[in-house]
Amino acid sequence: MCGIVGAIADRDVVPVLIEGLKRLEYRGYDSAGIAVVNDRDVRRVRRTGRVAEMADAAAAEGFHASLGIGHTRWATHGGVTEANAHPHISHGIALVHNGIIENHEEQREKLGALGYAFESQTDTEVIAHLIHHHLKQGNGDLLGALQRVVKELTGAYALAVISRAEPGRMVCARMGCPLLIGLGEGENFVASDVSAVVQATRNVVFLEEGDTAEVARDGVRVYDRNDQPVERETHVSSVSLSSLELGPYRHFMQKEIHEQPRAIGDTIEATIDGGFVPELFGRNAAAVLEGIEGVQILACGTSYYAGLTARYWIEGMAGMPCSVEIASEYRYRQAYADPKHLVVTISQSGETLDTMEALKHAKSLGRAHTLSICNVPESAIPRASELVCYTRAGAEIGVASTKAFTTQLAALFQLAVVLAKLRGRLGADDEAQCLEQLRQLPGGVQQALNLEPQVVAWAEKFAAKQNALFLGRGLHYPIALEGALKLKEISYIHAEAYPAGELKHGPLALVDSAMPVVVIAPNNSLLEKVKSNMQEVRARGGELFVFADQDSNFGESEGVHVIRTPRHVGLLSPVVHTIPVQLLAYHTALARGTDVDKPRNLAKSVTVE
Ligand code: AGP
């Protein structure tokens, strides 16, 4: 969602801000702006639409400065207008904000009574006025005023603030939203995401909840929630610049779909080398995993579907109860909380607010043991978890999650095997077979990618449709859900997924000759049941598009189109069957001319409720 970048240097920081904002574009936004301090004045440029348009305006107006902040906004409070775009300014103080201020109405009223006039409908503008109000009262300098103001705010924020009165520093604060400081040589940066500063430095300090900081050219000082100076560790970011660039591809989604054999290979590398050991999930994992008696998975969107798939593996292999719940529901429920159940959060970004809050809620209910499966090192959710397993997909830029999902599946499969082993439910032969299936997985995924030309032909038909149904059974039902989500997310075709057996309990009423029905039908114990469900569709004139593996023994006939996926790869079959549904969504969106990487109304990291 929203993104922050700030810089102070001897050089002109405007190109740094623009570059940083461009690298934050993937998070989703609808307006952008920068503010700089120059000659003891604050100048600002804001535009709705793309960063490039705002950058052109900044260039036309001759923006150059050695101190500045920038922002990409995804509208929450107030529409997509220039007046609502950040930075917001009050009497020479400019600030950018990620998050939501929940008591903004109360603050707005208070500030109105003090004579402050508002130019925007945002929750953010109150913060700029509050800082000015405290400075006017003589309550310290910019940092001191910010430290007072944040204590008056409820909600979530990452803030970066500059003032024409203090051209030698930026000040910043974080609570509930990520913010980091990038350490350069004689220059320093702030950002909500390491990708915004990685072109300038890899040395980063992650602010903790409640921290404030002052960032000058020659140094950085961090203060804890009690305003006491505090040391925070410096990390060296491993984000690679090439993962942030498109290379020969047309879209990041396309690039990320094709990166999956490599991404899965990297994620399973440690297991291929060292076997299914608890340490894959952290140094103390053996002690924790040996003592648990069940698993509770919490996640959102695609990550939730990864969790639904994992339930089949964990219950089937490890023989322990596994429940899976959408994080935004769990967080508001007085759920039954067995302290012997491991809470597993799954999140690509590691900063999804609902998942983070669900994790906190689980802890507050007495859940002692937590594991985060995450793709972004050092992000908030793994940092709040006892055990961590990082998927090694590399930066995922496309809003539609692809390689993050299949690497999550690879990690969760490994978790299920480790749990099964610890519970004495996996013999040496079974374990060897699991290892072999895992070893073959990147190759199976590559073969599925080779189906692309056939999927393109289907996508041309789908592009003209208004609706689509996806069906699967058992382990492949979550893949049907994922296929429907991908299609609706980027092509805007209404798509729903059902367990195929559920069809006759309602959704069959939707089936007619205009309804394409995608079926995931690998050769497993449910295949004959799926075939019966397909007959139900054909009998109502529905057109079937079937992904069936080499052993499924399917033939094409009128109204039944079949693409043969690679030979069945056992329990990991859902991973292989994910590839064609991703390709179908991608090529359908392409044929419809939508903005594949930045679909309307969506953001990559959902950092608000
Ligand atoms: C996936 O294509 C979506 N963009 C979305 O459902 C996503 O998976 C969800 O918002 C969860 O994100 P996370 O994995 O970063 O927590």
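In order along region 114-120, the Karplus-derived 3J(HN,Hα) couplings, from 6.51 cos²θ - 1.76 cosθ + 1.60 at θ = phi - 60°, round to 8, x, 7, 9, 9, 9, 10 Hz, and Gly and Pro are given as x.
Net charge around Pro178, counting only other residues with Cβ within less than 12 Å of its Cβ (Lys, Arg = +1; Asp, Glu = -1)?
So the surrounding residues net to -3.
Modelled this way, with points 7 Å down the Cα-to-C-beta line, the labels at Gln454 and Ala514 are 3.0 nm from one another. In this Cβ point-charge picture (+1 for Lys and Arg, -1 for Asp and Glu), region 67-110 has a dipole of about 140 debye about its Cα centre. For the pair Arg225 and Asn203, the difference between a 0.36 nm per residue extended length and the Cα-Cα distance amounts to 5.6 nm. So how far, in whole Å, is the C-alpha centre of region 225-286 from the one of region 455-471? Using only Cα atoms, the two centres lie 33 Å from each other.
Within region 170-250, which trypsin sites (Lys or Arg not before Pro) sit in a loop by DSSP and count at most 13 neighbouring Cβ atoms inside 10 Å?
Arg250
Projecting label points 7 angstrom from Cα along Cα→Cβ for Glu152 and Tyr336 puts them 4.8 nm apart. Sorting Glu452, Glu378 on solvent-accessible area from highest to lowest, probe radius 1.4 Å, gives Glu378, Glu452. When the Cα positions of Val197, Pro167, Ala60 are compared along the charge dipole of the chain, Ala60 comes out farthest toward the positive end, with charges on each C-beta of Lys, Arg, Asp and Glu. Net charge in the neighbourhood of Ile93 (other residues with Cβ under 10 Å of its Cβ; Lys, Arg +1, Asp, Glu -1) is 0. Per residue, the chain reaches -11000 deg cm²/dmol at 222 nm when only DSSP H runs of four or more residues are counted, each adding -39500 (n - 2.57).
Within region 74-128, the GluC sites (Glu not before Pro) that combine a DSSP coil assignment with at most 16 other C-beta atoms in a 10 angstrom radius are Glu82, Glu102, Glu119. On the beta carbon distance between Ser364 and Arg425, with R0 = 30 Å, the FRET formula returns roughly 0.40. The charge dipole of the chain, taken about its Cα centre with unit charges on the Cβ atoms of Lys, Arg (+1), Asp and Glu (-1) only, comes to about 580 debye.
Residues within the reach of a label modelled at Glu279 (point 7 angstrom out along Cα to beta-carbon, backbone nitrogen below 16 Å), restricted to region 373-396, are 388-390. Only protein heavy atoms count here; on that basis, with a 1.4 Å probe, Lys110 has an accessible area of about 90 Å². In loop segments of region 269-299 as defined by DSSP, the GluC sites (Glu not before Pro) with at most 15 further C-beta atoms inside 10 Å of their C-beta are Glu293. Region 501-525 and region 162-202 have Cα centres spaced 51 Å apart. Ranking Lys529, Lys461 from most to least accessible surface, computed with a 1.4 Å probe over the protein chains only, gives Lys529, Lys461. Cross-link partners of Lys421 among aspartates and glutamates, defined as those whose alpha carbon lies under 20 angstrom from its own and excluding same-chain residues fewer than eight positions apart: Glu269, Asp273, Glu279, Glu290, Glu293, Glu315, Asp429, Asp430, Glu431, Glu436. Think of each Lys and Arg Cβ as +1 and each Asp and Glu Cβ as -1; about the Cα centre, that makes the dipole of region 252-449 roughly 300 debye.
Taking θ as phi - 60° and the Karplus parameters 6.51, -1.76 and 1.60, the scalar couplings of region 538-552 work out to 4, 4, 9, x, x, 9, 9, 10, 10, 9, 10, 6, 3, 8, 6 Hz in sequence order, x denoting glycine and proline. Taking amide H positions as modeled 1.01 Å from N, with prolines and chain starts lacking one, the residues under 5 Å from Asp551 and 5 or more places away or on another chain are Asn523, His568. Helix 573-592 and the long axis of the chain differ in direction by around 60°, with both axes built from C-alpha atoms. Across region 358-366, rounded Karplus estimates of 3J(HN,Hα) from the backbone phi angles (6.51 cos²θ - 1.76 cosθ + 1.60, θ = phi - 60°) give 5, 4, 4, 4, 4, 5, 5, 7, x Hz, Gly and Pro being marked x. Counting Lys and Arg as +1 and Asp and Glu as -1, what is the net charge of the other residues whose Cβ lies under 13 Å from the Cβ of Phe462? So the environment of Phe462 carries a net charge of +3. Only protein heavy atoms count here; on that basis, with a 1.4 Å probe, Ser605 has an accessible area of about 0 Å². Note on region 433-452 and region 558-589: Cα centroid distance 13 Å, given to the nearest whole angstrom. Taking Cα atoms only, the orientation of helix 142-152 departs from the longest principal axis of the chain by about 50 degrees. Descending by average beta-carbon neighbour count within 10 Å, the peptides 566-574, 89-97, 149-157 line up as 89-97, 566-574, 149-157, the highest first.
Considering only Ala358, His341, Ser385, and ranking their Cα positions along the charge dipole of region 252-449 that arises from unit charges at the beta-carbon of Lys, Arg, Asp and Glu, the one farthest toward the positive end is Ala358. With a Förster radius of 25 Å applied to the beta-carbon distance between Arg250 and His494, the computed FRET efficiency rounds to 0.50.
Here are some pairs, Lys465/Lys488; Lys461/Lys531; Lys504/Lys529; Lys488/Lys529; Lys22/Lys403; which of them have Cα atoms lying more than 18 Å apart in this structure? Flagged as over cut-off: Lys461/Lys531; Lys488/Lys529; Lys22/Lys403.
Of Asp218, Asp354, Asp595, the order by accessible heavy-atom surface (1.4 Å probe, DNA, RNA and ligands excluded), from most exposed downward, is Asp218, Asp595, Asp354.
Taking 0.36 nm per residue of sequence separation and removing the Cα-Cα distance, the Glu61/Arg600 pair yields an extension gain of 191.1 nm. For Glu543, the residues 5 or more places off, or on other chains, whose built amide H falls under 5 Å of its own are Met515, Val517. Amide H contacts of Gly155 (H built 1.01 Å from N, in plane; Pro and chain starts excluded): Glu102 sit under 5 Å, all sequence-distant by 5 or more or on other chains. Any idea what angle helix 428-449 forms with the longest principal axis of the chain, computed on alpha-carbon atoms, 0 to 90 degrees, nearest 10? Between the helix axis and the principal axis of the chain, the angle is about 70 degrees.
Counting heavy atoms of the protein chains alone, Ile272 has an accessible area of about 50 Å² for a 1.4 Å probe.
The values are calculated or read from the model by the stated rules, or taken from the named source; none is laboratory data. Worth saying up front: this structure is predicted, and the values here are computed from it rather than measured. Here the Cβ is made from the backbone with ideal geometry for all residues, glycine too, and neighbour counts use every protein chain on show. In case anyone asks, the SASA skips ligands and DNA or RNA and just uses the protein heavy atoms, side chains included. Shrake-Rupley method; radii C 1.70, N 1.55, O 1.52, S 1.80 Å.
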